[in-house]
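Enquirer: I'd like to ask you about the structure that follows.
The values are calculated or read from the model by the stated rules, or taken from the named source; none is laboratory data. Note that the structure is a prediction, hence the values are computed from the model and not measured. Here the Cβ positions follow ideal geometry from the backbone for every residue, glycine too, while neighbour counts run over all protein chains shown. Keep in mind that these areas ignore ligands, DNA and RNA; they rest on the heavy atoms of the full protein, side chains included. Shrake-Rupley method; radii C 1.70, N 1.55, O 1.52, S 1.80 Å.
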Amino acid sequence: MRRLLFMPLVAASLFIGCSKLQNEPRLVVYIVVDQAMPELLEKYDHLFTGGYRWLKDNGVRFNQAYHEHGYTTTGPGHFVLSSGRHPGKGGIFTNFWFDRETKESWYCVQDTASIVLKDGSVGRSYENIETDALGDWLKIANPNSKVISLAGKDRTSVLLGGKNPDLALWYDKSGGWTTSSYYNLSLPKWVDNFNSQLNIESFVDSIWDRMADEAIYTFNTRADNYSGESDWTTANGYSPTFPIEFREMGIKKLLGSFAYTPFGDKTILKLGLTAVNEYQLGKDENSDILFLGLSATDGIGHSFGAHSHEQLDNYLRLDKNLGAFIQNLESTVGSGKTLYVLSSDHGAFGLPEYLQSQGIDSGRIPKPKRDSLYSFVKNEIEKKVGTGKVNRYGNFFYYDNSINPLERKLATEILKTHLSKLAGIHTVITKEDMLKGGDSDYKKRLKNMVHPEKSPDIYLIPKKYWTWIYPTGASHGSPYDYDAHVPLIFARGGQKATMESIRVKTIDIAPTIAKILKIDFPQSIDGKVLSIE
Ligand SMILES: [Zn+2]
């Protein structure tokens, strides 16, 4: 590992005051709920009696915590949460990108030097990521400390865990948890045992129904069946309302999407408790970290939307399951000995159709028009600039390394002129313009998402509350506050509940945990230590 410049604690003058939270915890449980929305945690607050309730009642809550990068998706979000760095600088500016050297797609945690144990496919790891993360700082400070990362998505587990965790597991989309040969040459026996007892196939006989009275859903959110919902719970056809019968989606689809159900999250929490026991986390003077990446809120948000009955039910179920998880840790590790940190990789805004009903200018960028416009600009570029000079990858445009300044200028003119006419597009902007930054949060976020060499050359930024998702479903990914706003709670048994309304950044979470653990962190990171009174 390359040498890093560390911030000596004695010189870290950013800490203000001290509190119970700054007594070193034995265990840190860093919970990242994918697509958790502060708006919904407030709206449903009166319904929580479990883990969300406990975290709020025993925590310092920042209600104005924001990601400060422009492309608010899973990879960049988890990278920031664990590394304290903006995604551009770290080179995790999106989930997938076009590699100009190989002219192929690259996945943010791809590692061609390792394999996934489950099936021998291309490995996933932190190997090709330029930076390090919280778990690595802990390992350097104390090699006896344990770092465990468990998640539904591989990129979540890898990006939270950092370069050198003791274990990084993710759901293998076929009924169990796996890792890559970067971490372990074989799965630990206890993970094999856990997998063999899971029997996810048996869920095919299950029904997912509301866990509370229907009136609670009717009263607290919109109608169950709503225009714009997509539905992954059937193999064919459409069945967007409760109860959801897993039999209808069939075994293959159930296994593939299990991590996106509330039952997937429940299983990760169970896996977490098993790991605590196996590694005796929090049991000695060497503080440990357990990262938990929970994906159901994202999966349900994408399909049914933020304001659906399904999402409300998922919030209630996670509240209940987190409650049981925390009670278990408080009794096994010891009351007040665990620091719980809750946040999210990004927010969301729900179905455009629902937002329209609320009087908001929202919509879907029309895919057929988008596709024909992309064909048109491709032809224009080939006529005026030549072939092989511009590569489109998703909604990003990458200039080939062979492009000269005049060709670059011509291509940029063509792309800007024509693509800005697409319905729902706010702006078509170059990488160079984004790197100029500016005073507004919006411009700073655009700058923070750019890697000077690897990033695309042309970005299309949708208008506020407009989405690329078409014709149904919901998403996130914009530089706007609703996608950048995330929950942030630092909780510990017996800690006085406090609400902080100052605006804070997610790059600050990792160094704040480092400070609480009394470990050093690199001077080069972007975040600073938050004051937790
Ligand atoms: Zn998502």
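Enquirer: Scanning the stretch 486-503 for residues that are over 30 Å from Gly363 (Cα atoms) and of a type in the set (Val, Ile, Thr), which turns out nearest to the ligand (Cβ to nearest atom)? Show your work before the answer.
Expert: Taking the stretch 486-503 as the starting set, the residues that turn out to be over 30 Å from Gly363 (Cα atoms) are 489-502.
From the residues that got through so far, the ones that are of a type in the set (Val, Ile, Thr) too are 489, 498, 502.
On the way: Ile489: 21, Thr498: 30, Ile502: 28 Å.
Per the criteria, the residue is Ile489.
Enquirer: Given Ser344, Ser335, which one is surrounded by 23 or more Cβ atoms within 10 Å (Cβ to Cβ) and either more than 16 Å from the ligand (Cβ to nearest atom) or within 30 Å of Tyr66 (Cβ to Cβ) (or both)? Step through it out loud before you land on a result.
Expert: Details: Ser335 fails: surrounded by 23 or more Cβ atoms within 10 Å (Cβ to Cβ).
None of the other options fit; the residue is Ser344.
Enquirer: Still on this structure, please answer the following. Within the stretch 23-42, work out how many residues are in a loop (DSSP other than H, G, I, E, B) and touching a Phe, Trp or Tyr at 6+ places or on another chain (Cβ under 6 Å).
Expert: Summing the residues that are in a loop (DSSP other than H, G, I, E, B) and touching a Phe, Trp or Tyr at 6+ places or on another chain (Cβ under 6 Å) in the stretch 23-42 gives 0.
Enquirer: Name the pairs: first residue in the stretch 301-323 and on the phi > 0 side of the Ramachandran plot, second residue among the acidic types (Asp, Glu) and within 16 Å of the ligand (Cβ to nearest atom), Cβ to Cβ under 7 Å, at least 6 apart or on different chains?
Expert: Matching pairs, first to second residue: Gly305/Glu229.
Enquirer: State which residue pairs qualify: first residue away from the ligand (no atom under 16 Å from the Cβ) and inside the stretch 34-50, second residue charged (D, E, K, R) in any location, beta carbons under 6 Å apart, and separation of 6 or more residues or different chains.
Expert: Filtered contacts from the stretch 34-50: Phe48/Asp319; Gly50/Asp319; Gly50/Lys320.
Enquirer: Out of the stretch 51-69, which residues are more than 16 Å from the ligand (Cβ to nearest atom) and either free of Cβ contacts under 8 Å to residues at least 60 places away in the same chain or not in a helix (DSSP H, G or I) (or both)? Let's see the steps before the verdict.
Expert: Going residue by residue through the stretch 51-69, those that are more than 16 Å from the ligand (Cβ to nearest atom) are 51-66, 68.
Result: Asn58, Gly59, Val60, Arg61, Phe62, Asn63, Gln64, Ala65, Tyr66, Glu68.
Enquirer: Just checking, which of Ser149, Ser125, Ser180, Ser157 is open to solvent by less than 10 Å² (accessible area, probe 1.4 Å) and free of Cβ contacts under 8 Å to residues at least 60 places away in the same chain?
Expert: Values: Ser149 fails: free of Cβ contacts under 8 Å to residues at least 60 places away in the same chain; Ser180 fails: free of Cβ contacts under 8 Å to residues at least 60 places away in the same chain; Ser157 fails: free of Cβ contacts under 8 Å to residues at least 60 places away in the same chain.
That would be Ser125, the only listed residue that is open to solvent by less than 10 Å² (accessible area, probe 1.4 Å) and free of Cβ contacts under 8 Å to residues at least 60 places away in the same chain.
Quick grid of which residues meet (1) without any contact (Cβ under 8 Å) to a residue 24 or more places away in the chain; (2) open to solvent by 10 Å² or more (accessible area, probe 1.4 Å); (3) away from the ligand (no atom under 16 Å from the Cβ):
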{"site": "Lys463", "(1), (2), (3)": "no, yes, yes"}
{"site": "Ser478", "(1), (2), (3)": "no, yes, no"}
{"site": "Ala484", "(1), (2), (3)": "no, no, no"}
{"site": "Asp508", "(1), (2), (3)": "no, no, yes"}
{"site": "Ile513", "(1), (2), (3)": "no, no, yes"}
{"site": "Lys518", "(1), (2), (3)": "no, yes, yes"}
{"site": "Pro522", "(1), (2), (3)": "no, no, yes"}
{"site": "Asp526", "(1), (2), (3)": "no, yes, yes"}
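Enquirer: I want to confirm something. Restricting to the stretch 194-208 and keeping residues that are open to solvent by 50 Å² or more (accessible area, probe 1.4 Å) and in contact (Cβ under 8 Å) with a residue 40 or more places away in the chain, which single residue is nearest to Arg247 (Cα to Cα)?
Expert: So, considering only residues that are open to solvent by 50 Å² or more (accessible area, probe 1.4 Å) and in contact (Cβ under 8 Å) with a residue 40 or more places away in the chain, the one nearest to Arg247 (Cα to Cα) is Asp205.
Enquirer: Shifting gears a bit: Looking only at the stretch 407-422, decide whether some residue is within 26 Å of Ile507 (Cβ to Cβ), at pLDDT 95 or above and hydroxyl-bearing (Ser, Thr, Tyr). Step through it out loud before you land on a result.
Expert: From the stretch 407-422, those within 26 Å of Ile507 (Cβ to Cβ) are none; that's our starting set.
No: the stretch 407-422 contains no residue that is within 26 Å of Ile507 (Cβ to Cβ), at pLDDT 95 or above and hydroxyl-bearing (Ser, Thr, Tyr).
Enquirer: Then there's this: Residues Glu310, Glu353: which one is open to solvent by 10 Å² or more (accessible area, probe 1.4 Å) and either outside any loop (DSSP other than H, G, I, E, B) or modelled with pLDDT of 95 or more (or both)?
Expert: Values: Glu310 fails: open to solvent by 10 Å² or more (accessible area, probe 1.4 Å).
Only one candidate passes the filter, namely Glu353.
Enquirer: I've got another one for you. Pull out all pairs, ordered by first then second residue, where Cβ-Cβ is under 9 Å, the residues are six or more apart or on different chains, the first lies in the stretch 214-232 and is outside any loop (DSSP other than H, G, I, E, B), and the second is of a type in the set (Asp, Glu).
Expert: Sorted first by the residue in the stretch 214-232, then by its partner, the pairs are Glu214/Asp224; Tyr217/Asp224; Tyr217/Asp313; Thr218/Asp224.
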